[in-house]
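Report on one structure; see the data block that follows.
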Amino acid sequence: EHRRNSREHMVREPRQDRELGARPRESPCFHSRFTTLTIAREARSKHGAEDGAVGTGQGCANTSSGAATAVTTALFEPGGDGQTPQVVVLVGAPGMGKTMMVRKVMVEWGEGTLHTQFDFVFCVDCKTITLPIEASVADLVSRCCPGLRVPAGKILDDQKKILFIFDGFEALGFSLVQPEAELSSDPREVKPLELTLMSLLKKTVLPEASLLITTRPTALGSLGRCLEDESYVEILGFSAARREEYFHRYFENPNKGDMAFRFARGNQILYSLCVIPAMSWTVCTILEQELCGTKNLLESSKATTGMMMFYLSQLLKHRDRDNPHVLQQFLLRLCSLAANGIWKHKVLFEEKEIKDCGLDQPGLLPFFLNERIPKEGEDHGSIYAFTHLHLQEFFAAMFYVLEDDGEMVSSLGRLEKDVDKLLESYSKSRKDLNVTVRFLFGLVSQKSIEYMDKTIGCRISAQAREELLKWLQGRHRGLSQPGQEALKVSEMDTFHFLFEMNEKSFVQSALGHFTDLDLQDTKLTLYDQMALSFCIQHWDGLGCITLQGCSFHWQDPEAELDASVPWGGCCPSGLMGRRAAGPGVLSPVLRALRRLQWCRLSESCCAELAALLAEHPGLARLELGDSSLGDSGVRLLCEGLRTPGCRLRVLR
C-alpha cells in the first residue's frame, strides 16, 4: 500500500507465484529478467468463445486467428476501433507466462508507468487464496488488502477507477452456470461465493469496473459464456529474438549467458521448446547449476531428456500427490494418445478421442493439452493439441517404457509397445521419429528411472535397454563395407542417443566393437560437440578419427560468416575448445590416439593444430588430405613439428 499523486493505491501481490521461474518478492530480479512475449489479440462478441477460437498453441508458430505482435502490458489501452476494453482475458498454456504478465501489470501500475486510469488494483490468486463460503464484493476487497486505510465500501463507489485481477481462474473449480435472478447488484450484499464472483463477471455488480482474467485454454468455453464484450489476448511465448534476450537477462555474467544460449541454440529440440517461457527458465536454471560446477559446458552432462523431466516435475509439483496411481494411469492414456499421433503424423485430437481415452480429467488434462473451442457453425467438439510437438514426442517415447501392469488404456485400438518396430521404422524411412527415439534412450537411463519414480511418481521399465543396445551395435555393422576390417561409426545421431542415455558403461558396450569414427560434411554445434566429447571419452577401442569437411561451430549457426569456420574447413578449436574454455571434443583421446585424418583443413587453423602436436605425443600419424594450408600455414605447422614434445612419425 503506497501513496502517489495524493491517491491511495492498494497493491496485493499473489501469495506465491505458481508460474515457473518467477520470484514475486524480488523486484530487482523481476525487472532484470522480464522479457517481452509474443501475443495474438482477438476481440470477441457477446457470445465469446462461440464466435471465435484462441489457437491450440504451438508456440509462436501458431498465431490462430489473431495477428502475432510483441506484447506490451498495456492491456487496457484503446484498440484499432478506438474502444478501450473493459474485460481482458489473458489465455495461455501452463508455463507461458500468464502470472508473470499479471505481476508486470501490477508493477508498472504501481510505478505509474501504465494503467494510471485505475486508482485501485485488487489481485486474487485463484490457485492459492482461501476464499470464504459466503462473501460480498466488499469482503473480497478487504480479504485481498487487509490493511486498507479506506473502507472497502467507499473504494467501490468510484467503479471506473477499479481493476480486479483473477489469476488462474480455472483453479476456482465451481460451476459458472448460476441463476440470473440470484446474482447480486449490491457490492455490500453477502452471497454464496459463486454468485458473488458470477455477479462480477456478468457485470450485475460494479458494471463499470474493469476485469483482467488469466486462464488456461481449457476453461475458455464456460468462461466465454459468462462475459460480455470481452477482449482475448493469447500468449504465444518467446520469439527467436526474445529467447536470446531472456538467456542474457537470466545470467548476470555475459559470458555464461552467451555460452548457455549457444548451448540451447545448438540443440534444435531445446531451442524449439524454449518458445515456452517456462522451458527457457528450466534450461537456464539447469545450465546455471552446470556452469557453477564447471567452467565449460563441454564437461557437463545435462542432456535434453533430463531437462524435459525437470520441466515435467515443475509442471506437476503443485498437483495432489496422494494418489500416484491416478497419475500413472492418466499418463498411460496420454502417452498412448501421443504415440498414436506420432505414428499417424497427427497433432490435433478431437474431443471424442480425449473422452474415449479417458483423458477428460480437468485436474490433469490442462497441464499437457491445449483446447481449441469450436467456432459458431462448426459441428465438432473442442480440438486438443499438445503444448508443443516435442512434448508429444516425449510422451510418445514414454509410451514404450511406462509400466502399465498389463492394463488396456485406450479403446481406440491398442498400439503395440514394440521398440524393435520403432527402431526399424526409424532406420528405414521414418526419420521424423528421431526425437522420439532420442527421448527413448534418455528415459531408460538409470538416473531417469530413479528421477521419474521419486520426483514425479512414474514407474519406468528398463526392459528396452537391451533392445536399444543391440540395435546400435547392429546398425553400424550394416553401414560398414563388406569385408572391411575396421568397423566405423559414421552417424552423428548415434552420439546423440548415447548422450541422452549418459551412462559410461552403456557407451562402452555400444561402441566396444568399433574402431573408427568417420564424420563427413557435418556442422557440429556446441551441443553436438558435447555429445561427441562424452562418447569419445568412454570409447576404449577408438583408433582412428576421420573428419572430412566438418566444422566446429561456437556461435549461432545463423550468425554472420565470421562467427564460425567457413564451410569446408575444420578448425582445431574444435579439438581444444577456446583456450580459456578448457579441453574440447577430441582432446581427451588424442593422448592415446595414434592416427588422425582431417581433410579440407584451412590455413587459419594451423596455429592451433601445431600446438596440438606438442601437447599430444601419442599422435604418430597425421593425414591432412585435400587441405589448403598455404605457405604461412605450413610454416606454422613446422613450428609444431620442431617442438620437443612432438612424436609424429608420418605426415601425409
Q) Using 0.36 nm per residue, how much length does the chain from His513 to Glu245 gain when fully extended, once their Cα-Cα distance is taken away? A) 92.0 nm
Q: For the stretch 302-475, just run the numbers: alpha carbon Rg, then divide by 2.2 N^0.38 Å, N being how many residues it has.
A: 1.03
(Q) If each residue of separation counts as 0.36 nm, what is the full-extension length gain between Arg647 and Ser427 once their alpha-carbon separation is subtracted? (A) 75.0 nm
**Q.** the stretch 302-475, dipole about Cα centre (Lys/Arg Cβ +1, Asp/Glu Cβ -1), debye to the nearest 20
**A.** 780 debye
(Q) Probe radius 1.4 Å, ligands and nucleic acids left out: which of Ser505, Ser185, Ser336, Ser222 has the largest accessible area, and how do the rest follow? (A) Ser185, Ser505, Ser222, Ser336
Q. From the residues Phe399, Leu423, Gln314, which one has its Cα farthest along the dipole of the stretch 302-475 in the positive direction, the dipole being from +1 and -1 charges on Cβ of Lys/Arg and Asp/Glu about the Cα centre?
A. Leu423
Q.
Cβ neighbours within 10 Å, averaged per peptide: list 492-501, 81-90, 426-435, 173-182 in order, most packed at the top.
A. 492-501, 81-90, 426-435, 173-182
Q | Dipole in debye (nearest 20) - the stretch 240-291, about Cα centre, beta carbon charges: Lys, Arg +1; Asp, Glu -1 | A | 160 debye
Q: Give, in nm to one decimal, the length gained when the segment between Ser313 and Glu108 is fully stretched (0.36 nm per residue of separation minus the Cα-Cα distance).
A: 70.6 nm
Q. For the stretch 240-291, what is one quarter of the convex hull surface built on the Cα atoms, given in nm²?
A. 3.0 nm²
Q | Pairwise centroid distance, computed over Cα atoms, of the stretch 142-210 with the stretch 431-464, Å | A | 47 Å
Q: Given a cut-off of 19 Å, name the pairs among Lys421/Lys488; Lys428/Lys470; Lys344/Lys431; Lys344/Lys421; Lys352/Lys421 whose C-alpha atoms lie farther apart than that in the structure shown.
A: Lys421/Lys488; Lys352/Lys421
(Q) Just want the answer: with Cβ charges of +1 for Lys and Arg and -1 for Asp and Glu, which residue in Asn434, Leu348, Asn370 is farthest toward the dipole's positive end in the stretch 302-475? (A) Asn434
Q) In what sequence, highest mean first, do 303-314, 146-157, 342-353 appear when ranked by Cβ atoms within 10 angstrom? A) 303-314, 342-353, 146-157
(Q) Less than 27 Å apart at the alpha-carbon level, and either on another chain or at least 8 residues along: which lysines does that give for Lys191? (A) Lys46, Lys127, Lys154, Lys160, Lys161, Lys202, Lys203
Q | For Ile165, residues with placed amide H under 5 Å, excluding near neighbours | A | Phe122, Cys123, Val124, Leu212
Q: Answer rounded, prolate or oblate for the stretch 151-205, using the Cα gyration tensor with square roots of eigenvalues a ≥ b ≥ c: rounded when a/c is under 1.5, else prolate when a/b is larger than b/c, else oblate.
A: oblate
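The values are calculated or read from the model by the stated rules, or taken from the named source; none is laboratory data. Nothing here was measured: the structure is a model prediction, and the numbers come from that model. Cβ coordinates were reconstructed from backbone atoms using ideal geometry, including for glycine residues, and neighbour counts include every protein chain displayed. The area values use the complete protein model at the heavy-atom level, side chains included, leaving out ligands, DNA and RNA. Shrake-Rupley method; radii C 1.70, N 1.55, O 1.52, S 1.80 Å.
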